[in-house]
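The values are calculated or read from the model by the stated rules, or taken from the named source; none is laboratory data. Bear in mind that the values here come from a model prediction, so they are computed numbers and not experimental data. Note that each Cβ is placed from the backbone with ideal geometry, even for glycine, and that neighbours are counted across all protein chains shown. All accessible areas refer to the heavy atoms of the entire protein, side chains included, with ligands and DNA or RNA removed. Shrake-Rupley method; radii C 1.70, N 1.55, O 1.52, S 1.80 Å.
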Amino acid sequence: MKLPFYLEGYFLGLQDPDTPDNIRFIHVQSDGGNRYTLKLAKPLRHLPWQQLTVGQPLRIEGQQSFQGLDLPPKLKAERVLFDPAGLPAFIASEEPPKPQPAVLEVCTRGTCRRRGALELCDRLQAEAKTCAVEVRTRGCLGRCKQGINVRRSSDNQILSQLSPQAAAELLSPWRTPAVVSGTAVG
Ligand code: FES
């Protein structure tokens with residue numbers, strides 16, 4: 001029996017990273033922390049999977065087929081979106097890209113929370129009032145051992161091993177340099 005499934009989660013890696021022309025399976029962690037291996041439908045195998053970073057948000061739709069009561073269903077991905085916010089993956093747009101506000105997404109789950117993610121978030125939100133950055137909380141980025149983790153939208157990088165004291169440094173790329181006026185002496 002086959003039923004449609006829908007999964008939001010995070011890219012964990014490829015099953016066959018050494019065969020870039022024939023990527024058949026990917027590993028994904030759901031927002032709830034469960035890990036899945038999904039078979040890709042043929043049209044998806046030629047997407048540039050190698051360019052994804054671990055922790056990249058994904059939304060996947062497809063079909064699950066049931067093997068038996070004690071076996072997990074087999075998952076086949078038929079459609080993949082790049083970001084749960086709704087941006088399609090790897091689909092080139094005809095329109096020129098619109099400038100996006102910079103976003104810092106702070107993982108506030110599990111290990112990151114225990115290491116002070118909420119405090120980091122509070123500090124970022126307080127300091128971000130003076131620069132053009134949006135600060136959001138989010139679920140697990142799949143790098144719990146390296147927490148606190150923050151995803152930076154401008155280059156899609158996950159910044160790891162952060163502390164609450166890292167807020168000012170994280171925001172520094174978006175700060176407007178102070179204009180200093182004065183009179184030269186001498
Ligand atoms: S708890 Fe997993 S990355 Fe933060």
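In table form, for the structure just shown:
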item: Selection status of residue 98, open to solvent by 80 Å² or more (accessible area, probe 1.4 Å), modelled with pLDDT of 80 or more and not aromatic (Phe, Trp, Tyr); result: no
item: Hits in region 115-158 (condition: more than 9 Å from the ligand (Cβ to nearest atom), farther than 10 Å from residue 105 by Cα and of a type in the set (A, V, I, L, M, F, W, C)); result: 118, 120, 124, 126, 128, 131, 132, 133
item: Out of 28, 54, sole residue that is free of Cβ contacts under 8 Å to residues at least 40 places away in the same chain and aliphatic (A, V, I, L, M); result: 28
item: Looking only at region 68-95, and only at residues there that are surrounded by fewer than 11 Cβ atoms within 10 Å (Cβ to Cβ) and either closer than 20 Å to residue 15 by Cβ or of a type in the set (S, T, N, Q) (or both), the one that is modelled with the lowest pLDDT; result: 93
item: Pairs with Cβ under 8 Å, 6+ apart, first in region 162-185 and at pLDDT below 70, second of a type in the set (A, V, I, L, M, F, W, C); result: 175/131; 176/131
item: Test: residue in region 114-123 that is at pLDDT below 85, more than 30 Å from residue 78 (Cα to Cα) and either open to solvent by 80 Å² or more (accessible area, probe 1.4 Å) or in the same structural domain as residue 35 (by TED's automatic domain parsing) (or both); result: no
item: Every pair of residues 6+ apart whose Cβ atoms lie under 7 Å, when the first sits in region 133-157 and is on the phi > 0 side of the Ramachandran plot while the second is outside any strand (DSSP E or B) and modelled with pLDDT under 95; result: 142/54; 142/55; 156/53
